[in-house]
Amino acid sequence: MAEASFRSRSNRFLVELDRERTVAELDYRAFRAEAARCAEALRARGLEAGQRLALLLSNGPQWLIAAYAGIQLGAVLVPLDARLDPAGQASLLAHCGALHLVTDGPVWRRLEAALEAPLRAALVVRPLSDLQQPAEDWDQALPVAPPPLEADSSRSRDDLAAIVYSSGTSGRPKGCLLSHGNYLSQLEALANAFPLEEDDVYLSILPSNHAIDFMCGFLVPLLCGARIVHLRTLRPEWIVDALKTQRVTHLAAVPALLSAIERNLKDRLSGLERLPAAGLRGLRRLNELLTERQPRPWLSRTLLQPIHQALGGRLRTIFAGGAPVPVETARFLYGLGIPVAIGYGQTEAGTVITVNRLTPFRAETVGPPLEGVEVKIHEPDAEGRGEVWVRGPNVFQGYLDDPELSAEAFAGGGWLKTGDLGAFDSTGHLCLVGRKKHMIVTPGGKNVYPEELEAKLTGLDVEELAVLPSHSIWPSAPGEHEGLVLVARPRDSKGWFEEVVRRNRRLPAYLRLAGVLIRETPFPKTTSLKLKRHELAEELATRPRADLRRLS
């Protein structure tokens, strides 16, 4: 039924933006035609059902065209990170055994010399120079008049659909094996929970290889007949501009992007005259009161019309996840009538495990389990906290060619051990406290979670912050007291350190920080903007202990 509906659509489907400039635009009919051309080119170069097709290119129509063509041919998609270093990309290509690749010209130029295993074919979008076999120019390789694209009917729900490498994979590759059933169960549950209409517009700003964007920014809009807008830049001012010019209704963002949007809006509000600013504060409070139980988009747009018009006047939902979302950021946006649906997921669990349905809005939780997904807390402590275990049709089949690691991921009864720590509140919403491997045990036997302490420090006037145990930066002698270190990258402002001192005094003794390390450069992150804690600690290890500004 969904396939038949897809074949009959002709409304706009894909728009590619480079800042304010429209680079490409396709309706559903043109997308189907381009996918048929791509599928025929791949079939002519030996791609068969069950074989691996690697996608290694930046967001844009070609990524989705190649992905859809591969799905229809019954191939196994291998979405890879276009911003990973060439050696890392070559290693993952060899690990997954892909013989077919679709890539960008700039990526191919760096990758070609690093390849560890031969390819059968590589279609290169926008090549930068003459290509040598097996590489071919995408535009020249695709036939002009291919036969109609028909889906491979031999694939079942249990068959492998994709091999997705965990974000930030380094060293031992972790290729998650995801079946068609995994994707279909997620697609059905998410489309039911957050249905899109044909006139809805989804702004895609996360990499398409990211599990969230592949599901929410491609498969769900495709199923519902909505429009997708790809934006090449992550700069907040251009995101806000795209929201307005494209009249966006939905987008997904990681916390770092949410914070950037928050700052952009606050800068706009700070420029208002005194009287309009006072009036706006009153309308915000009224909006918060009237939308306490559930979002009322029409009401928020009426009360706060100037803000919503500046964002296109149609923004309904921001899906947020990938890392802890600052509570104050989510509350600020919701107060402006911009609901943030905070969710939690893992690549190993398809995409989404829990998500807040916004009835009511709960900024401090990641919501109840998605329909069809079971979640339990394993061996909860006195406060109900324990490791989050997951079971359901969304859970992956294991890791590629790594039975030992696959066995470690599962407990009896098909439960996936997520490695995350959390607890359920009285309403059945999951509250996360941190990663099991990040947990710090104080000399007094108390468990401290860096993510939980970081949440208590949100709102500081700094670009970014992180809490690390001192031993991860400087080795400590046996029995030496373990201190908690705040690493901060301050803005050009005063008073933030005094605010840290004030907040630190109000924390329970076992949570108090020992000191602050100031860092001038951005923190190391994955391409999905998750903090690389281990790498940050390694970089700070070259700093002398004397750089630590002590708080006690």
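The values are calculated or read from the model by the stated rules, or taken from the named source; none is laboratory data. Treat the numbers as computed from the prediction; the structure is a model and nothing was measured. Heads up, the Cβs are rebuilt from the backbone with ideal geometry, glycines too, and the neighbour counts pull from every protein chain shown.
Please pick out the residue among Ser153, Ser166, Ser129 that is surrounded by fewer than 21 Cβ atoms within 10 Å (Cβ to Cβ), in contact with a Ser or Thr (Cβ under 6 Å, 6 or more places away or on another chain) and at negative phi.
Numbers: Ser153 fails: in contact with a Ser or Thr (Cβ under 6 Å, 6 or more places away or on another chain); Ser129 fails: in contact with a Ser or Thr (Cβ under 6 Å, 6 or more places away or on another chain).
Exactly one residue qualifies, and that residue is Ser166.
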Identify all residues within segment 22-43 that are over 30 Å from Leu203 (Cβ atoms) and either touching a residue at least 40 places away in the same chain (Cβ under 8 Å) or under 29 Å from the mean Cα position of the chain (by Cα) (or both); write none if there are none. Glu40
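Out of all the residues in segment 331-367, which are of a type in the set (A, V, I, L, M, F, W, C) and within 16 Å of the chain's Cα centre (by Cα)?
Step one: of segment 331-367, the residues of a type in the set (A, V, I, L, M, F, W, C) are 332-333, 336, 338, 340-342, 349, 352-353, 355, 358, 361, 363, 366.
Of everything in segment 331-367, those that are of a type in the set (A, V, I, L, M, F, W, C) and within 16 Å of the chain's Cα centre (by Cα) turn out to be Val340, Ala341, Ile342, Ala349, Val352, Ile353, Val355, Val366.
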From Glu452, Glu499, Glu464, which residue is surrounded by fewer than 16 Cβ atoms within 10 Å (Cβ to Cβ) and either at pLDDT 80 or above or assigned to a loop (DSSP other than H, G, I, E, B) (or both)? Glu499
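Taking the conditions exactly as written (of a type in the set (Lys, Arg) and assigned to a loop (DSSP other than H, G, I, E, B)), does Arg331 satisfy them or not?
When the stated conditions are applied, Arg331 does not pass them.
Tell me which residues, restricted to segment 513-531, are crowded, with 17+ Cβ neighbours inside 10 Å and charged (D, E, K, R). Reasoning before the result, please.
As a first pass, look at segment 513-531 and keep what is crowded, with 17+ Cβ neighbours inside 10 Å: 513-517, 519, 523, 525-526, 528-529, 531.
Residues satisfying the conditions are Arg519, Lys525.
Which count do you get for residues in segment 388-405 that are within 23 Å of the chain's Cα centre (by Cα) and either surrounded by fewer than 19 Cβ atoms within 10 Å (Cβ to Cβ) or under 17 Å from Val352 (Cα atoms) (or both)? Before the answer, list the steps.
The first filter runs over segment 388-405 and keeps only residues within 23 Å of the chain's Cα centre (by Cα), leaving 388-400.
Of the ones still in play, those that are also either surrounded by fewer than 19 Cβ atoms within 10 Å (Cβ to Cβ) or under 17 Å from Val352 (Cα atoms) (or both) are 388-398.
Matching residues across segment 388-405 total 11.
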Pairs, please: C-beta under 7 Å, at least 6 apart or cross-chain, first residue modelled with pLDDT of 80 or more and in segment 256-267, second of a type in the set (Lys, Arg) and assigned to a helix (DSSP H, G or I)? none
Number of the condition not met by Gly74 [criteria: (1) out of contact with any Asp or Glu (no Cβ under 7 Å at 6 or more places or on another chain); (2) farther than 26 Å from Thr233 by Cα; (3) of a type in the set (Gly, Ala, Ser)]: (1)
Within the set of pairs 6 or more residues apart or between chains, which connect a residue that is farther than 9 Å from Gly337 by Cα inside segment 298-309 to a residue that is small (Gly, Ala, Ser) and surrounded by fewer than 20 Cβ atoms within 10 Å (Cβ to Cβ) with Cβ atoms less than 9 Å apart? Gln305/Gly313
Whether any residue in segment 427-446 is over 17 Å from Gly343 (Cα atoms), among the β-branched types (Val, Ile, Thr) and surrounded by fewer than 20 Cβ atoms within 10 Å (Cβ to Cβ) is what I want to check. yes
Return the pairs, sorted by first residue and then second, in which the second residue is part of a strand (DSSP E or B) and of a type in the set (Lys, Arg), the first residue lies in segment 99-119 and is in contact (Cβ under 8 Å) with a residue 24 or more places away in the chain, the beta carbons are less than 9 Å apart, and the residues are 6+ apart or on different chains. Leu99/Arg52; His100/Arg52
Give the residue, chosen from Leu14, Leu55, Leu101, Leu64, that is out of contact with any Phe, Trp or Tyr (no Cβ under 7 Å at 6 or more places or on another chain), crowded, with 22+ Cβ neighbours inside 10 Å and either among the aliphatic types (A, V, I, L, M) or modelled with pLDDT under 95 (or both). Leu101
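Could you tell me whether any residue of segment 77-89 is free of Cβ contacts under 8 Å to residues at least 12 places away in the same chain, out of contact with any strand residue (DSSP E or B) (no Cβ under 7 Å at 6 or more places or on another chain) and charged (D, E, K, R)? So that I can check it myself, show each step before the final result.
So in segment 77-89, the residues free of Cβ contacts under 8 Å to residues at least 12 places away in the same chain come out as 85.
Remaining after also requiring out of contact with any strand residue (DSSP E or B) (no Cβ under 7 Å at 6 or more places or on another chain): 85.
In the following step, the residues that additionally are charged (D, E, K, R) were identified as 85.
Yes, segment 77-89 contains at least one residue that is free of Cβ contacts under 8 Å to residues at least 12 places away in the same chain, out of contact with any strand residue (DSSP E or B) (no Cβ under 7 Å at 6 or more places or on another chain) and charged (D, E, K, R).
Name every residue in segment 519-550 that is of a type in the set (Lys, Arg) and under 29 Å from Ala320 (Cβ atoms), in order of residue number. Show your work before the answer.
Of segment 519-550, the ones of a type in the set (Lys, Arg) are 519, 525, 530, 532-533, 543, 545, 549-550.
Those that are of a type in the set (Lys, Arg) and under 29 Å from Ala320 (Cβ atoms): Arg519, Lys525, Lys530, Lys532, Arg533.
Please go through segment 240-249 and give me each residue that is touching a helix residue (DSSP H, G or I) at 6+ places or on another chain (Cβ under 8 Å) and modelled with pLDDT of 90 or more, ordered by number.
The first filter runs over segment 240-249 and keeps only residues touching a helix residue (DSSP H, G or I) at 6+ places or on another chain (Cβ under 8 Å), leaving 240, 244, 248.
Across segment 240-249, the qualifying residues are Lys244, Val248.
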For segment 376-421: of the residues being in a strand (DSSP E or B) and among the acidic types (Asp, Glu), which is modelled with the highest pLDDT? Glu387
The one condition Asp27 fails out of (1) buried (at least 21 other Cβ atoms within 10 Å of the Cβ); (2) in contact with a Ser or Thr (Cβ under 7 Å, 6 or more places away or on another chain); (3) modelled with pLDDT of 90 or more is (1)
Going through segment 182-203 in order, the residues found to be crowded, with 23+ Cβ neighbours inside 10 Å and among the aromatic types (Phe, Trp, Tyr) are Tyr202
Failed item in (1) out of contact with any His (no Cβ under 6 Å at 6 or more places or on another chain); (2) closer than 30 Å to Lys266 by Cα; (3) free of Cβ contacts under 8 Å to residues at least 40 places away in the same chain; (4) not aliphatic (A, V, I, L, M), with Lys376 passing the rest: (2)
Take Arg543 and tell me if it is part of a loop (DSSP other than H, G, I, E, B), modelled with pLDDT of 85 or more, touching a helix residue (DSSP H, G or I) at 6+ places or on another chain (Cβ under 9 Å) and surrounded by fewer than 19 Cβ atoms within 10 Å (Cβ to Cβ). yes
Take Glu328 and decide whether it is of a type outside the set (Val, Ile, Thr) and at pLDDT 90 or above. no
Residues of segment 218-253 satisfying the condition of being farther than 18 Å from Ala24 by Cβ, under 19 Å from the mean Cα position of the chain (by Cα) and not assigned by TED's automatic domain parsing to the domain that holds Tyr68: Leu234, Arg235, Pro236, Ile239, Val240, Leu243, Thr249, His250, Leu251, Ala252, Ala253
If we keep just the residues of segment 306-318 that are surrounded by fewer than 21 Cβ atoms within 10 Å (Cβ to Cβ) and under 19 Å from the mean Cα position of the chain (by Cα), which is farthest from Glu451 (Cα to Cα)? Arg316
